[in-house]
């Protein structure tokens, strides 16, 4: 879905799992571009067998489409982060509506939050990295995930970026598992080798 004008109401549809077909409304904010249905469907096909029981981290959550999809498909937990108060309010409202007590959205800068280390959070089995395009965030954020011990030994890391952006420098122990392009988006799934 293309970026929406700030203040407009849009919807995201859950594709699979317990909440399959549910449409969740959210108020758009500047630069918000939820991962489109066909990309999410492909991603979660790649993750078949990995999501159920997984601890997930959705950085730069936006509409919450990726984290909510993971919870719908049986993730044990999903921590979502976004700098926008409005985006977090939307996501937390959806979590309440869905009675998803295993999900939570925090209003936080992802880079600053990750610097603190994982503390009480379990090592993350699946991480969704879909930052604002063309801001050079993928390299530094992925390095912090490794340096601050956020990842399980065989974590899956989803990376979404603009096709126009140069490939980011990612940790050497992240092995590309699958990758595709759709329109202006390049999306890839990496497996962490411990």
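The values are calculated or read from the model by the stated rules, or taken from the named source; none is laboratory data. As the structure is a computational prediction, the values presented were derived from the model and not from experiment. In this analysis, Cβ positions are derived from the backbone assuming ideal geometry, glycine residues included, and neighbour counts consider all displayed protein chains.
Scanning the stretch 156-166 for residues that are part of a strand (DSSP E or B) and farther than 14 Å from residue 127 by Cα turns up 161, 162. Among the residues making up the stretch 137-155, those that are part of a strand (DSSP E or B) and over 15 Å from the mean Cα position of the chain (by Cα) are 152, 153, 154. Would you mind stating whether residue 77 is in contact with a helix residue (DSSP H, G or I) (Cβ under 9 Å, 6 or more places away or on another chain), closer than 11 Å to residue 103 by Cβ and surrounded by 18 or more Cβ atoms within 10 Å (Cβ to Cβ)? Answer is yes for this residue.
For the stretch 110-129, does any single residue satisfy the condition of being without any contact (Cβ under 8 Å) to a residue 40 or more places away in the chain, touching a strand residue (DSSP E or B) at 6+ places or on another chain (Cβ under 9 Å) and not in a helix (DSSP H, G or I)? Within the stretch 110-129, one or more residues are without any contact (Cβ under 8 Å) to a residue 40 or more places away in the chain, touching a strand residue (DSSP E or B) at 6+ places or on another chain (Cβ under 9 Å) and not in a helix (DSSP H, G or I).
Identify all residues within the stretch 167-192 that are out of contact with any helix residue (DSSP H, G or I) (no Cβ under 6 Å at 6 or more places or on another chain), in a loop (DSSP other than H, G, I, E, B) and at pLDDT below 95; write none if there are none. Those that are out of contact with any helix residue (DSSP H, G or I) (no Cβ under 6 Å at 6 or more places or on another chain), in a loop (DSSP other than H, G, I, E, B) and at pLDDT below 95: 167, 183, 184. Filtered by the rule that a residue be farther than 23 Å from residue 182 by Cα, assigned to a loop (DSSP other than H, G, I, E, B) and either within 18 Å of the chain's Cα centre (by Cα) or modelled with pLDDT under 85 (or both), the stretch 3-19 gives 6, 7, 8, 17, 19. Taken over the stretch 96-109, the criterion of being in a loop (DSSP other than H, G, I, E, B) and either touching a strand residue (DSSP E or B) at 6+ places or on another chain (Cβ under 9 Å) or within 21 Å of residue 144 (Cβ to Cβ) (or both) is satisfied by 98, 100, 102, 108, 109.
Yes/no matrix, rows are residues, columns are (1) closer than 17 Å to residue 35 by Cα; (2) buried (at least 21 other Cβ atoms within 10 Å of the Cβ); (3) touching a helix residue (DSSP H, G or I) at 6+ places or on another chain (Cβ under 7 Å):
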residue	(1), (2), (3)
132	yes, no, no
143	no, no, no
156	no, yes, no
159	yes, yes, yes
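Among the candidates 42, 35, 93, which residue alone is touching a helix residue (DSSP H, G or I) at 6+ places or on another chain (Cβ under 7 Å) and either assigned to a helix (DSSP H, G or I) or closer than 22 Å to residue 8 by Cβ (or both)? Step through it out loud before you land on a result.
Working: 42 fails: touching a helix residue (DSSP H, G or I) at 6+ places or on another chain (Cβ under 7 Å); 93 fails: touching a helix residue (DSSP H, G or I) at 6+ places or on another chain (Cβ under 7 Å).
One residue alone meets the criteria, 35.
Determine which member of the set 55, 94, 104 is more than 24 Å from residue 188 (Cβ to Cβ) and within 15 Å of the chain's Cα centre (by Cα). Walk me through it before giving the result.
Values: 55 fails: more than 24 Å from residue 188 (Cβ to Cβ); 94 fails: within 15 Å of the chain's Cα centre (by Cα).
Being more than 24 Å from residue 188 (Cβ to Cβ) and within 15 Å of the chain's Cα centre (by Cα) holds for just one of 55, 94, 104, which is 104.
Do we find that residue 67 is out of contact with any helix residue (DSSP H, G or I) (no Cβ under 6 Å at 6 or more places or on another chain), in contact (Cβ under 8 Å) with a residue 12 or more places away in the chain and crowded, with 16+ Cβ neighbours inside 10 Å in this structure? Step through it out loud before you land on a result.
Numbers: out of contact with any helix residue (DSSP H, G or I) (no Cβ under 6 Å at 6 or more places or on another chain): yes; in contact (Cβ under 8 Å) with a residue 12 or more places away in the chain: yes; crowded, with 16+ Cβ neighbours inside 10 Å: yes.
In short, yes.
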